[in-house]
Amino acid sequence: MNVSPSASAVLPPALPAGLPWVGLGLEYRKDPLGFFLRCANQGPVLRTRLVGTPIYVFNTSDAIEHVLVKNFRNYPKDLFQERALTAVVGNSLITSQGDFWMRQRRMMQPAFHKTLVATHGDVAVKAARAWLAPRREGDRCDAYTEMMALTLDVVAATLFGANLSAQAREVGQAMETVMLHAKFLFENPITLPSWVPTPGQRRFQAAMRTLHAVVDAVVARRRAQGGPGDDLLGLMLEAQAEDGAHMTDAQLRDECMTLMIAGHETTAATLALCLLSLARHPEAEGALRRELATVLGGREPTVADLPALPYCEQVVKETLRLYPPAWGMSRIAAEEDRVEGFRVPAGTVVAWSQWALHRNPLHFPEPEAFRPERWADGLERRIPRFAYCPFGGGPRLCIGAASAMVVTRLALATLLQRFRFESPPGPLPEFIAAITLRPKGGIPMTLRAV
């Protein structure tokens, strides 16, 4: 006999009510990461209201697997995400739903075949080598800004078959503006219409014009070249849906914006935070340097070397555990459901945070410690499936996850063979929980020759 969710399920425990209508919205806005950490200590499923919207906070891997895998069709993207992200990337792979999303995913998937992902690694090594060329002993830099420039080179080459080095600063500044505006839209469901020329709206529109101009120019050049080529843009230009339709110019722009932002900023943050974490943990840095010396002997790494560099992979995984670029996710229940024995009414937004999940001491003893060796001996296979999910999961798993891991490891291995990255003493940077996790004020470092 089928039992409806409401017949045998109850509502989960409620968090304190907070302010009228606003609920705990101000607390969340002040410190989103701390909000989810506090929730993680109070139960597997909690309910609250944020600015008039019913919210369930999920704190278990089983609940998240239910949403992302077992009943994913009942949990589309919610309006908070849709409003913030659509303003930046339009109706693209990360914002679209249903049949349109499935068609776009199928059209783009061949561009991330493992044979092409291997070429991304070659491009990453080349970009790291180019970044290193002018650097000297004692140079000071903001590792976050510099890795943004490096990964832009990688994305431009693999996506566009282009070189955007000269525009790295302009693109980086525009990217920061649009991501902070998306954060503002996410946190403020009631705002003035976009056509009202507020200072923030003017900055956002100017930044979007900058990014659109960059994307449109490289698409036009790519079209003029003709032929499919071996870059992602060429493959997307040639891609056809099952009904024979090609991507429109608007769809191409949206997907290029998505891939440029998702493949550029998130990888840059991970790479910069790998360098910072190693600088603050000399024993881990020493272990990685010994591995690189043994396997590479001073030569540049290749994709073929990656299986022989397990500690390098552990460093990247541990960095993603502590500082997941996709720090939180949410969905909305289309129909009533039951999760962890609790009733989830239709229209409820369900949310969770990888920042909090990845700090669960049941799965990660000493959760705040940077310990790459915890990933040895198959930890990822022993813990629940969604106890660690820096790239999401299920049918909407990040399409570029494999590419990101290859690019980050090979770029890191290339950089460390030339320099040690020294971090000044003091507290770790604060983080801005925007659409992605961003270090506030950058990551200052000094280069020391090795």
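The values are calculated or read from the model by the stated rules, or taken from the named source; none is laboratory data. Just so you know, these numbers come straight off a predicted model, no measurement behind them. Note: ideal-geometry Cβ built from the backbone for every residue, glycine included; neighbour counts use all protein chains shown.
A few remarks follow.
- Selection of the range 57-82 for residues being β-branched (Val, Ile, Thr) and crowded, with 20+ Cβ neighbours inside 10 Å yields Val57, Thr60, Ile64, Val67.
- Residue match in the range 353-365 (condition: farther than 30 Å from Leu159 by Cα, modelled with pLDDT of 95 or more, in contact with a helix residue (DSSP H, G or I) (Cβ under 9 Å, 6 or more places away or on another chain) and part of a helix (DSSP H, G or I)): yes
- Candidates are the residues of the range 393-434 that are under 19 Å from Leu275 (Cβ atoms) and among the polar types (S, T, N, Q); the one that is surrounded by the most Cβ atoms within 10 Å (Cβ to Cβ) is Thr408.
- Taken together, the criteria place Ala304 among residues that are farther than 26 Å from Ala87 by Cβ, more than 24 Å from the chain's Cα centre (by Cα) and either in a helix (DSSP H, G or I) or of a type outside the set (D, E, K, R) (or both).
- Trp375, sole failed condition from (1) buried (at least 17 other Cβ atoms within 10 Å of the Cβ); (2) touching a Phe, Trp or Tyr at 6+ places or on another chain (Cβ under 8 Å); (3) more than 14 Å from Glu65 (Cα to Cα): (2)
- Residue check, Ala369 part of a loop (DSSP other than H, G, I, E, B), in the same structural domain as Thr53 (by TED's automatic domain parsing), within 19 Å of Tyr75 (Cβ to Cβ) and out of contact with any strand residue (DSSP E or B) (no Cβ under 9 Å at 6 or more places or on another chain): no
- Listed by position, the helices (runs of 4 or more DSSP H) enclosed by the range 78-194 include none that has at least 1 residues that are closer than 24 Å to Pro429 by Cα, outside the structural domain of Glu430 (by TED's automatic domain parsing) and among the hydrophobic types (A, V, I, L, M, F, W, C).
- Criterion applied to Arg409, Arg438 was being outside the structural domain of His358 (by TED's automatic domain parsing), among the charged types (D, E, K, R), closer than 18 Å to Thr151 by Cα and assigned to a strand (DSSP E or B), and the one residue passing it is Arg438.
- Among the residues making up the range 15-47, a single one is surrounded by fewer than 20 Cβ atoms within 10 Å (Cβ to Cβ) and aromatic (Phe, Trp, Tyr): Trp21.
- Ala356 satisfies every condition listed in (1) of a type in the set (Gly, Ala, Ser); (2) in contact with an Asp or Glu (Cβ under 9 Å, 6 or more places away or on another chain); (3) farther than 28 Å from Ala128 by Cβ except (2).
- The range 329-350, residues that are surrounded by fewer than 22 Cβ atoms within 10 Å (Cβ to Cβ) and touching a Ser or Thr at 6+ places or on another chain (Cβ under 6 Å): Arg343, Val349
- Number of positions in the range 334-349 that are in contact (Cβ under 8 Å) with a residue 60 or more places away in the chain and either closer than 18 Å to Ala433 by Cβ or part of a loop (DSSP other than H, G, I, E, B) (or both): 9
- Qualifying residue in the range 48-56 (condition: outside the structural domain of Ala279 (by TED's automatic domain parsing), outside any helix (DSSP H, G or I), surrounded by 22 or more Cβ atoms within 10 Å (Cβ to Cβ) and among the hydrophobic types (A, V, I, L, M, F, W, C)): yes
- Applying a threshold of 6 Å to beta carbon distances and a minimum spacing of six or more residues, or different chains, the list of pairs starting in the range 228-242 at a residue that is farther than 9 Å from Ala111 by Cβ and in a loop (DSSP other than H, G, I, E, B) and ending at one that is β-branched (Val, Ile, Thr) and modelled with pLDDT of 80 or more is empty.
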